[in-house]
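Report on one structure; see the data block that follows.
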Amino acid sequence: MRKKIVVGSRGSKLALIQAESVVAKIREVNPDIEIVTSQIITKGDRDHHVQLDQLASIGIFVKELEDALLRGQIDVAVHSLKDMPTQTPSGLCLAAVMERYDPRDVLISGGQKLAELASGSTIGTDSLRRAAQLNVCRPDLEVCNIRGNVDTRLRKVADGEFAGVILAAAAMQRLGWEDRITEYLSLEYFLPTAGQGALALEIRTDDEEMAEIAASLNHVPTWQCITAERVFLSALGGGCRAPIAALGSVKNDDLKLGEW
């Protein structure tokens, strides 16, 4: 019986909250196992001043965690599923996903909803998908690249550097900052990226004990939805940063893409 589990996570406030939610679930099922969290800096964290579309490599927020898994430095990596490429490295596998949070995008502004923002207002995002979707529904707004953790982005809105920023609802919810959300954006215009709102557990394929532990945490409806989304993304040849939207839902034993 395993006595200790090392959980790998990025070091941001949001990432650590996400990792701790996984740790808490593991402890519920395995109270006798010691669990520690190892913070790992990824390329996406190091190059936070560079626009994401200028970083040629895929998996910029997961590769270093995967390397740590392959070296045996950690036993399970916790990822925001939307950051994971559709193909995992040899020797690793996606073992489980936690129950999904709200997959929608949200606007954080000084109080104005998207339709109320003055023409020419600047909106910050590092997502090509969100930028493209924003250009469809409000082509008169100026879309500007923004990097940094959630609190950094919110501060730039508070300081007046941006009229607003678009973020994932799940990030705001996990941080306990739902009261700062100005508007939940319509899925008609802002269908999310594949896997948005879900946390992924990645392990080594030969780690049977960890696979059993991860399986006990897996939320089957979320697994079904994200599998369909990622297959769709893969079929279109898109990676984790591709401006492709997909959202699955399970209702009455039917799995559909494009509804929620």
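Every number in this text was worked out from the coordinates using simple rules, so none of it is lab data. Just so you know, these numbers come straight off a predicted model, no measurement behind them. Cβ coordinates were reconstructed from backbone atoms using ideal geometry, including for glycine residues, and neighbour counts include every protein chain displayed.
Quick one: 3J(HN,Hα) in Hz for region 3-15, Karplus 6.51/-1.76/1.60 with θ = phi - 60°, rounded, Gly and Pro as x.
9, 8, 10, 9, 9, x, 8, 5, x, 5, 4, 5, 4
Ordered by residue, what ³J(HN,Hα) values in Hz, to whole numbers, does region 25-35 give under the Karplus form 6.51 cos²θ - 1.76 cosθ + 1.60, where θ = phi - 60° and Gly and Pro are x?
Each residue of region 25-35 in turn: 5, 4, 5, 4, 8, 10, x, 8, 8, 6, 10 Hz.
For helix 220-235, what angle does its Cα long axis make with the longest principal axis of the chain, in degrees from 0 to 90 and rounded to 10?
That helix lies at roughly 70 degrees to the long axis.
Suppose each label sits 7 Å from its Cα in the direction of the beta carbon; what would the Cys144-Lys113 distance come out to in nanometres?
2.5
What dipole magnitude, in Debye to the nearest 20, does the chain give about its Cα centre under +1 on Lys/Arg Cβ and -1 on Asp/Glu Cβ? The partial results should precede the final answer.
Values: 29 positive and 36 negative charges, 74 e Å.
Here the size comes out at about 360 debye.
Over the Cα atoms of region 106-260, what radius of gyration and what Dmax do you get, in Å?
Rg, Dmax (Cα atoms, Å): 17.5, 56.
Using the structure shown, list the pairs from Lys63/Lys156; Lys3/Lys43; Lys25/Lys113; Lys13/Lys43 with a Cα-Cα distance above 27 Å, or answer none.
Details: Lys63/Lys156 29 Å; Lys3/Lys43 31 Å; Lys25/Lys113 36 Å; Lys13/Lys43 17 Å.
From the list (Lys63/Lys156; Lys3/Lys43; Lys25/Lys113; Lys13/Lys43), the Cα-Cα distance tops 27 Å for Lys63/Lys156; Lys3/Lys43; Lys25/Lys113.
Please compute, for the alpha-carbon atoms of region 105-184, the extent along each of the three principal axes and give them in descending order in Å.
Computed over the Cα atoms, the extents are 32, 23, 21 Å.
From the phi angles alone, apply the Karplus equation (6.51, -1.76, 1.60; θ = phi - 60°) to region 199-206 and give each ³J(HN,Hα) in whole Hz, x where the residue is Gly or Pro.
Listing the rounded values in order: 9, 10, 10, 10, 9, 6, 5, 8 Hz.
Which whole number in µm²/s is D for the chain by Stokes-Einstein, with the Kirkwood Rh taken over Cα pairs at 37 °C and 0.692 mPa s?
Numbers: Rh = 19.0 Å.
In µm²/s, the coefficient is 173.
So who's got an amide H within less than 5 Å of the one on Val143, skipping anything under 5 residues away but keeping other chains? H placed 1.01 Å off N, in plane.
Here Ile123 satisfy the definition.
How large is log10 I(q)/I(0) at q = 0.25, 0.28 Å⁻¹ when the Debye formula is applied to the Cα atoms of region 200-256, each weighted equally and without solvent?
So the normalised log intensities work out to -0.99, -1.04.
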